[in-house]
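S.K.: Let me give you the structure first, and then I'll get to my questions.
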Amino acid sequence: MVEIPLGSFRMGSPLQETLRGQDEGPQTDVTIGNKFAVAAHEVTVKQWNACHRSGICTYKPSEVGGRHPQDPVLHVSWNDAQQFISWLRRETGKLYRLLTEAEWEYAARAGTATPFHTGETLTDKEANIDKAMPYPPQPDGPTPDPFRKRWAKPVGRYPANAFGLFDMHGNASEWVQDCYEANAYAQFQGYPSANEQGGASCDRVVRGGASHASGAFARSANRHSNAVDARTIDVGIRVGLTLID
């Protein structure tokens, strides 16, 4: 786990950001005022299997993230993620949880205001994304092959960001705690805080892009949603930890 420095940041993307989604704005300033830590890596197949052996994680994905114990676990739902967190809490006595959406973006940006912590561009040399779809799009680049499998890779294969977090862009999408609202930033007249938004029965936010997706989907501000019981082959887990003095 990596303790994240407290601070403020501008959440969302500017109007001029290429391939920006309408649900990424209007940009709003958010202050991170409560101490927390973030897992340096996505939850791995090995870690998930330990939870499954305990009986708390009841689901065993048929494609449990890939072929290597250090691959990120994939094909797990938001509900599955809650079981994993319950197991972590039982094993450690610590306040593990999913990150809020604001915490996730703050951690991904690691002090930057560009689309990626690497800057304005992203290629498969910097993150596990589809090499045919870097960011920004290259009109003379190779044609994407929809039938080519693009596997997630063992965690930590690409450089960490300035906070020491790996694979915040690409490799696997990651569940966060919040309910998804397409017009959240406008509806709340700016995202009100770094606290969880929503909390009732709702679809939940997914962040971070994936190995088979374009660089545009791996941008720090990109957001989309899944139902809490949805298991898709590109979505995994990264955990957070509430720190108490």
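S.K.: Given the pairs Lys60/Lys94; Lys35/Lys125; Lys35/Lys131, which are separated by over 31 angstrom at their Cα positions? Working shown, then result.
M.R.: On the way: Lys60/Lys94 25 Å; Lys35/Lys125 33 Å; Lys35/Lys131 36 Å.
Checking Cα-Cα distances, Lys35/Lys125; Lys35/Lys131 exceed 31 Å.
S.K.: From the Cα gyration tensor of segment 52-107, with a ≥ b ≥ c the square roots of its eigenvalues, which class applies: rounded if a/c is under 1.5, or else prolate if a/b is larger than b/c, or else oblate? All intermediate terms of the calculation are to be shown ahead of the outcome.
M.R.: Values: a/c = 1.95, a/b = 1.21, b/c = 1.61.
Note, shape of segment 52-107 comes out oblate.
S.K.: Let me ask you something else. Per 5 Å bin, what is the whole-percent P(r) computed from every C-alpha pair distance within the chain?
M.R.: In whole percents, the pair-distance histogram is 1, 7, 14, 19, 21, 18, 12, 6, 2, 0, 0.
S.K.: Related question: Please compute the length gained on full extension between Lys131 and Leu19, using 0.36 nm multiplied by the number of residues separating them and subtracting their Cα-Cα distance. Walk me through the intermediate numbers first.
M.R.: On the way: separation 112, 0.36 × 112 = 40.32 nm, distance 1.73 nm.
Taking Lys131 through Leu19 to full extension adds about 38.6 nm, to one decimal.
S.K.: Of the options Pro14, His68, His224, report the single residue whose Cα projects farthest towards the positive end of the charge dipole of the chain (beta-carbon charges: Lys, Arg +1; Asp, Glu -1).
M.R.: Of Pro14, His68, His224, it is His68.
S.K.: If I stretch the segment between Gln138 and Leu243 completely, what's the gain in nm (0.36 nm per residue apart, minus their alpha carbon distance), one decimal? Provide the component values of the computation, followed by the final result.
M.R.: Numbers: separation 105, 0.36 × 105 = 37.80 nm, distance 4.29 nm.
Extending this stretch completely gives an extra 33.5 nm.
S.K.: On full extension of the chain, what length is gained from Thr121 through Leu6, given 0.36 nm per residue of separation minus the C-alpha to C-alpha distance? Working shown, then result.
M.R.: Numbers: separation 115, 0.36 × 115 = 41.40 nm, distance 2.64 nm.
Residue separation times 0.36 nm, minus the Cα-Cα distance, leaves 38.8 nm.
S.K.: Whole-Hz Karplus ³J(HN,Hα) for segment 37-47, in order, using 6.51 cos²θ - 1.76 cosθ + 1.60 and θ = phi - 60°, x for Gly and Pro?
M.R.: Per-residue couplings from phi come out as 10, 10, 4, 4, 10, 5, 4, 9, 4, 4, 5 Hz.
S.K.: Sort Asp140, Asp23 by accessible area with a 1.4 Å probe, largest first. Don't skip to the end; give the middle numbers.
M.R.: On the way: Asp140 155, Asp23 20 Å².
In descending accessible area the options line up as Asp140, Asp23.
S.K.: Ignoring ligands, DNA and RNA, what accessible area per residue does the chain give at 1.4 Å, in Å²? Walk me through the numbers on the way to the answer.
M.R.: On the way: 11060 Å² over 245 residues.
Heavy-atom SASA per residue in the chain reads 45 Å².
S.K.: Can you pull the percent of the chain's accessible area that's carbon plus sulfur, 1.4 Å probe, other chains left in place?
M.R.: Values: 5670 of 11060 Å².
About 51 percent, which is the carbon plus sulfur part of the accessible surface.
S.K.: Now, a different point. From the square roots a ≥ b ≥ c of the eigenvalues of the alpha-carbon gyration tensor of segment 1-66, which class results: rounded (a/c under 1.5), prolate (a/b over b/c), or oblate? Please report the intermediate quantities before stating the final value.
M.R.: Working: a/c = 3.47, a/b = 1.77, b/c = 1.96.
Since a/c reaches 1.5 but b/c is at least a/b, the shape of segment 1-66 is classed as oblate.
S.K.: How would you order 37-45, 83-91 from highest to lowest mean count of nearby Cβ atoms within 10 Å?
M.R.: By packing density, highest mean first, the sequence is 37-45, 83-91.
The values are calculated or read from the model by the stated rules, or taken from the named source; none is laboratory data. For clarity, every value in this text was computed on a predicted model and none was experimentally measured. As a convention, Cβ positions derive from the backbone with ideal geometry for all residues, glycine included, and neighbour counts pool all protein chains shown. Accessible surface is based on the protein model in full, side chains and every heavy atom, while ligands, DNA and RNA are left aside. Shrake-Rupley method; radii C 1.70, N 1.55, O 1.52, S 1.80 Å.
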